[in-house]
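Enquirer: Can you read through this structure? Questions will come right after.
The values are calculated or read from the model by the stated rules, or taken from the named source; none is laboratory data. Since we're looking at a predicted model, the values are computed, not measured. Because the Cβ atoms are built from the backbone with ideal geometry, glycine has one as well, and the counts that use them run over all protein chains shown.
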Amino acid sequence: MIGFPLFPEVASTIASGVDLLYFFLVAITVLFSVLIFALIFYFAVKYRRSPDRKAQQSEGGLGLEITWTAVPFVITLVIFTWGSSLYIANSRVPDRALAINVVGRQWMWKIQHPNGRSEINELHVPVRQPVKLTMASQDVIHSFYIPAFRLKQDVLPGRYVTMWFEPTRPGEYHLFCAEYCGTYHSGMIGRVVVMEPEDFQKWLGGVTEESPVQTGEKLFTNFNCVNCHATGALQRCPQLGGLYGTEVRLEDNSTVKFDEAYIRESIINPNAKIVKGYPAVMPTYRGQVSEEQILDLIAYIRSLTPVKEQTGSATKSTEGR
Amino acid sequence: MDIYREHYLNCSYGVRSWLLTKDHKRIALLFLMSITLFFFLGGAFAVLIRLELLTPQGDLVQAETYNKLFTMHGVIMVFFFLIPSIPSVLGNFLLPMMIGARDLAFPRLNLLSWYIYTIGGLFTLGAVFSGGVDTGWTFYTPYSSVYANSHVIATAVGIFITGFSSILTGLNFIVTTHKMRAPGMTWFRLPLFVWSSYATAIIMVLGTPVIAITLLLVGVERAFGIGIFDPRLGGDPLLFQHLFWFYSHPAVYIMVLPGMGVVSELVTCFSRKRVFGYSFVAFSSVAIAVLGFLVWGHHMFVSGQSPYAGMIFSFLSFMVAIPSAVKVFNWTATLYKGSVSYDAPMLYAMGFIGLFTTGGLTGLFLATIAVDVHVHDTYFVVAHFHYIMVGGTVMAYLGGIHYWWPKISGKLYPEGWARFAALVVFVGFNLTFFPQFILGYLGMPRRYHAYPAEFQVLNVMSTAGASILAVGYVLPMVYLIWSIRYGKTAGDNPWDATGLEWQTPSPPPTENFAATPVVGWDAYDYGAKEEEKELQVV
């Protein structure tokens, strides 16, 4: 038997805020439980049945009813306000967050760092550095759960979800799948390794793998995306350089943010949101491209700079065909 | 010893007379036998789950088997025990008698309800014994609709069928309460059990069709590959969760509201007092039924639902806590200056109030979004809903069975054993489920076949508690059956309780009342009862 903890480790910037609210709730629970238990016990003993006393009837009292409706109402309002504002504050992602991709599948977590280093069921991150995870599932719903960070997010097939954290203490922490996902659900576990920044850099540089941008560039060619989307091509399709993070105008004059979710949707279901002024000619890549490949393609598209600066090389590559 | 008197049990004999009966009391007993069977079957699965969790390694059964065990435990306990328990047994038996009617409005539909329940149950049992199902009782898509390799469709069909039993019972209760009340039995003279059964019936009728349709859609996607929930087919997996919880959260109130009704009857009888704040207790049932339909999204705070939707659901979830709190305060106030006795039904009622209070207050943690992000899908949730459903509903159910047993069987149960069993259940329950709150905050996810070693001590405590709890549940089954043959004759009104059901012989005649009663008093008129007694003494 190894230890007998009664409280989880505290290892992220948001954890102690959540714990404080938790302790407040524990206090409310204890207060009301003790109140109810004590009253029941006291009344049951004091007014126990005896031959020389009979029950004293009462209809109730409006004052009491109002009191014990209003007091819980006010208390729940306090908890609601506290809980919701903490939640909103906790979900605001800092700008300088390190972007890491996560793909869940039965029954493992695949994690990919921006420089191409990937790992399975382990997530190495530097301490005191905000990290933003962009996550998708290849099959069923999973849930990425790190108890020491007090964080959990369901990971869905067919769309991206994000979550962020900033670890505060180096160490190793549990990583669980919290949404039941089939036979080896309880085996879909791993660890989060929080390291000092210099150790993390060493770890990160330890292996030379192709970066997602490089992989994405190859995929961009192999899937023939380049035929239409490269600069100087037939101009049937929008040029992708510099679009990431901007708002693009659609056929119905509404706008959509050109982000991970939009790029992913446009690969899987190209006709869902057509950019204004272009024909709906793109075929779907549903079933041909894996979640990891989509993430690589996104990394590549993000890396593209606005059209003018790269005219030369892109033109060359299309002319070759 | 007794003079022969014809009543609902001895008016006719033979299997046929039971299987074709239209008497609500006999149908209640048919339900009692069926749900008891399912309760012990579901309990047997729970025993295996707890034994597996005794050690951190998955060593007793394989992962696949473990997943089937918790799924079938959930499916059977929720759909085949908790939902029909109090309404179909106690509600069926008591509702007509409490309002002075000779039966429910539609006796044939009532019998049909039992047959539908039985057919649905057999379907589900068939699925269980031909290999089982491993999706969890929540059937989350796309796992259930595409990926699971177990008997999803057969189980879903079983639940689908049983749903109609619920709808028919609900319909019967609503019409009966509106149309069959005895002269003078106005809405505000109704016993609170009738109010809570009425509120429950509304949820049954409005909510159950939604789960039926949802499971049908899962079956359609699974069998024909029509895209509804699987994103690869153009579906939306979260749509399933919305539809599922739109029924399944109100279903929690189907399970607990009737229990609250039972407790109102018990607390008043054993403190010899009219309930404190009758109309507040009555309307809080209705408020729970209405608000219960608006809080389903609190099961989806981390699902990817919009944070603003999450906040609205969080707020409404806090609001539904208030009528529950009002009930608890009113029951407690009813004891004040009462004349409290500690008969077994009262021990169960006090157990209910204590455990329901704990269950309700821990619900606040789950309604608080920032905290729910951490405890969602952990053992904290498991502990919370067992406090409500087992600590609450099962305690109330057992309390009610003991309280009305003399009326049902005509015999008294052995009081000493019954008090002992109530105590065993209370202790066993707390030892089983309290450690799970701590496990949950530590981060142990639910539905885990194997778990990290540091969680073992708390799991061992929980398993130890479960063994005590099992004894507590087997005891009443033994001595209640024993009492049918050997128990003392109960008499018409052994508790000296108010309520029309006690003004008829035990066991009641088939037609309940020799003449339709005329009601000229309020519910729980214990003041008048006590004065009556005093006059007799003088």
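Enquirer: If I filter the stretch A:180-198 for residues that are touching a Gly at 6+ places or on another chain (Cβ under 7 Å), away from every other protein chain (no Cβ under 14 Å) and not in a loop (DSSP other than H, G, I, E, B), do I get at least one hit?
Expert: Looking through the stretch A:180-198, at least one residue is touching a Gly at 6+ places or on another chain (Cβ under 7 Å), away from every other protein chain (no Cβ under 14 Å) and not in a loop (DSSP other than H, G, I, E, B).
Enquirer: Related question: Which residue out of B:Val375, B:Val382 is farther than 18 Å from B:Met319 by Cβ, surrounded by fewer than 24 Cβ atoms within 10 Å (Cβ to Cβ) and touching a helix residue (DSSP H, G or I) at 6+ places or on another chain (Cβ under 7 Å)?
Expert: Going through B:Val375, B:Val382 in turn, just one is farther than 18 Å from B:Met319 by Cβ, surrounded by fewer than 24 Cβ atoms within 10 Å (Cβ to Cβ) and touching a helix residue (DSSP H, G or I) at 6+ places or on another chain (Cβ under 7 Å): B:Val382.
Enquirer: In the stretch B:361-383, what count of residues is obtained for those that are more than 9 Å from chain A (Cβ to nearest Cβ) and over 30 Å from B:Leu480 (Cα atoms)?
Expert: So the answer is 6.
Each row is one residue, and each column tells you yes or no for (1) assigned by TED's automatic domain parsing to the domain that holds A:Phe149; (2) small (Gly, Ala, Ser).
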{"site": "A:Ser12", "(1), (2)": "yes, yes"}
{"site": "A:Gly17", "(1), (2)": "yes, yes"}
{"site": "A:Tyr22", "(1), (2)": "yes, no"}
{"site": "A:Ala27", "(1), (2)": "yes, yes"}
{"site": "A:Ala38", "(1), (2)": "no, yes"}
{"site": "A:Val45", "(1), (2)": "no, no"}
{"site": "A:Pro51", "(1), (2)": "no, no"}
{"site": "A:Gln57", "(1), (2)": "no, no"}
{"site": "A:Leu64", "(1), (2)": "no, no"}
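Enquirer: Does B:Ala418 count as more than 14 Å from every other protein chain (Cβ to nearest Cβ) and crowded, with 22+ Cβ neighbours inside 10 Å?
Expert: Yes, satisfied.
Enquirer: Oh, and also: Go through the stretch B:468-506 residue by residue and tally those that are of a type in the set (Gly, Ala, Ser) and under 14 Å from B:Lys411 (Cα atoms).
Expert: 5
Enquirer: Oh, and also: Restricting to the stretch B:79-103, what's the tally of residues that are among the hydrophobic types (A, V, I, L, M, F, W, C) and either surrounded by fewer than 23 Cβ atoms within 10 Å (Cβ to Cβ) or touching a Cys at 6+ places or on another chain (Cβ under 7 Å) (or both)?
Expert: Summing the residues that are among the hydrophobic types (A, V, I, L, M, F, W, C) and either surrounded by fewer than 23 Cβ atoms within 10 Å (Cβ to Cβ) or touching a Cys at 6+ places or on another chain (Cβ under 7 Å) (or both) in the stretch B:79-103 gives 1.
Enquirer: A follow-up question, please. Quick one: in the stretch A:230-267, which of the residues that are at pLDDT 85 or above and among the basic types (Lys, Arg) is farthest from A:Ile298 (Cα to Cα)?
Expert: For the stretch A:230-267, the residue satisfying everything is A:Arg249.
Enquirer: Tell me, which residue of the stretch B:310-333 that is facing another protein chain (nearest Cβ under 9 Å) and over 23 Å from the mean Cα position of the chain (by Cα) is surrounded by the most Cβ atoms within 10 Å (Cβ to Cβ)?
Expert: It comes out as B:Ser314.
Enquirer: How many of the residues making up the stretch A:92-117 are in contact (Cβ under 8 Å) with a residue 40 or more places away in the chain and surrounded by fewer than 16 Cβ atoms within 10 Å (Cβ to Cβ)?
Expert: Summing the residues that are in contact (Cβ under 8 Å) with a residue 40 or more places away in the chain and surrounded by fewer than 16 Cβ atoms within 10 Å (Cβ to Cβ) in the stretch A:92-117 gives 4.
Enquirer: Of the residues B:Phe224, B:Phe193, B:Phe164, B:Phe173, which is of a type in the set (Phe, Trp, Tyr) and at pLDDT below 95?
Expert: Matching residue, one of B:Phe224, B:Phe193, B:Phe164, B:Phe173: B:Phe224.
Enquirer: Inside the stretch B:49-71, can you point out the residues that are away from chain A (no Cβ under 14 Å) and surrounded by 18 or more Cβ atoms within 10 Å (Cβ to Cβ)?
Expert: B:Arg50
Enquirer: I want to confirm something. Restricting to the stretch A:151-179 and keeping residues that are facing chain B (nearest Cβ under 9 Å) and assigned to a loop (DSSP other than H, G, I, E, B), which single residue is surrounded by the most Cβ atoms within 10 Å (Cβ to Cβ)?
Expert: So the residue we want is A:Glu179.
Enquirer: Filter the stretch B:32-78 down to residues that are closer than 24 Å to B:Thr393 by Cβ and among the hydroxyl-bearing types (Ser, Thr, Tyr) and give me whichever is nearest to the chain's Cα centre (by Cα).
Expert: B:Thr36
Enquirer: If you go through the stretch A:11-68 one residue at a time, how many are of a type in the set (A, V, I, L, M), more than 30 Å from A:Arg169 (Cα to Cα) and free of Cβ contacts under 8 Å to residues at least 12 places away in the same chain?
Expert: Count: 14.
Enquirer: Checking B:Ser271 against (1) out of contact with any strand residue (DSSP E or B) (no Cβ under 6 Å at 6 or more places or on another chain); (2) in contact (Cβ under 8 Å) with a residue 12 or more places away in the chain, which single condition isn't satisfied?
Expert: Unmet condition: (1).
Enquirer: Limited to the stretch B:224-281, what total is found for residues that are outside any helix (DSSP H, G or I), among the β-branched types (Val, Ile, Thr), more than 9 Å from every other protein chain (Cβ to nearest Cβ) and buried (at least 24 other Cβ atoms within 10 Å of the Cβ)?
Expert: Counting residues in the stretch B:224-281 that are outside any helix (DSSP H, G or I), among the β-branched types (Val, Ile, Thr), more than 9 Å from every other protein chain (Cβ to nearest Cβ) and buried (at least 24 other Cβ atoms within 10 Å of the Cβ) gives 0.
Enquirer: Continuing with the same structure: Considering only residues that are aliphatic (A, V, I, L, M) and under 30 Å from B:Asp377 (Cβ atoms), which ones fall in the stretch B:414-438?
Expert: B:Val425, B:Val427, B:Leu431, B:Ile438
Enquirer: Please go through the stretch B:490-538 and give me each residue that is aliphatic (A, V, I, L, M) and surrounded by 20 or more Cβ atoms within 10 Å (Cβ to Cβ), ordered by number.
Expert: Passing the criteria: B:Ala490, B:Ala497, B:Leu500, B:Ala523.
Enquirer: Hey, does the stretch B:191-201 have a residue that's among the hydrophobic types (A, V, I, L, M, F, W, C), assigned to a helix (DSSP H, G or I), touching a helix residue (DSSP H, G or I) at 6+ places or on another chain (Cβ under 6 Å) and within 14 Å of chain A (Cβ to nearest Cβ)?
Expert: Looking for residues that are among the hydrophobic types (A, V, I, L, M, F, W, C), assigned to a helix (DSSP H, G or I), touching a helix residue (DSSP H, G or I) at 6+ places or on another chain (Cβ under 6 Å) and within 14 Å of chain A (Cβ to nearest Cβ), one finds at least one in the stretch B:191-201, hence yes.
Enquirer: Now for a different question. Could you go through the stretch A:43-56 and let me know if any residue there is among the small types (Gly, Ala, Ser) and within 25 Å of B:Val281 (Cα to Cα).
Expert: yes
Enquirer: Another question, then. I need the strands (runs of 3 or more DSSP E) fully contained in the stretch A:41-147, keeping only those with at least 2 residues that are facing chain B (nearest Cβ under 7 Å), closer than 28 Å to B:Met300 by Cβ and not β-branched (Val, Ile, Thr).
Expert: Those strands (runs of 3 or more DSSP E) span A:142-146.
Enquirer: OK, next. Pairs only if they're at least six apart or on different chains, beta carbon under 6 angstrom, first in the stretch B:131-149 and within 9 Å of another protein chain (Cβ to nearest Cβ) and surrounded by fewer than 24 Cβ atoms within 10 Å (Cβ to Cβ), second hydroxyl-bearing (Ser, Thr, Tyr) and not in a loop (DSSP other than H, G, I, E, B); list them, first residue then second.
Expert: Note: pairs meeting the criteria are B:Gly136/B:Thr71.
Enquirer: Restricting attention to the stretch B:335-357, and to residues there that are within 7 Å of another protein chain (Cβ to nearest Cβ) and of a type in the set (A, V, I, L, M), which single residue is farthest from B:Met260 (Cα to Cα)?
Expert: It comes out as B:Val340.
Enquirer: Filter the stretch A:235-293 for residues that are of a type in the set (Lys, Arg) and over 15 Å from A:Phe223 (Cα atoms) and give the result.
Expert: A:Arg236, A:Arg249, A:Lys257, A:Lys273, A:Lys276
Enquirer: When you scan the stretch B:187-210, how many residues do you find that are touching a residue at least 40 places away in the same chain (Cβ under 8 Å) and over 14 Å from B:Tyr253 (Cβ atoms)?
Expert: Matching residues across the stretch B:187-210 total 8.
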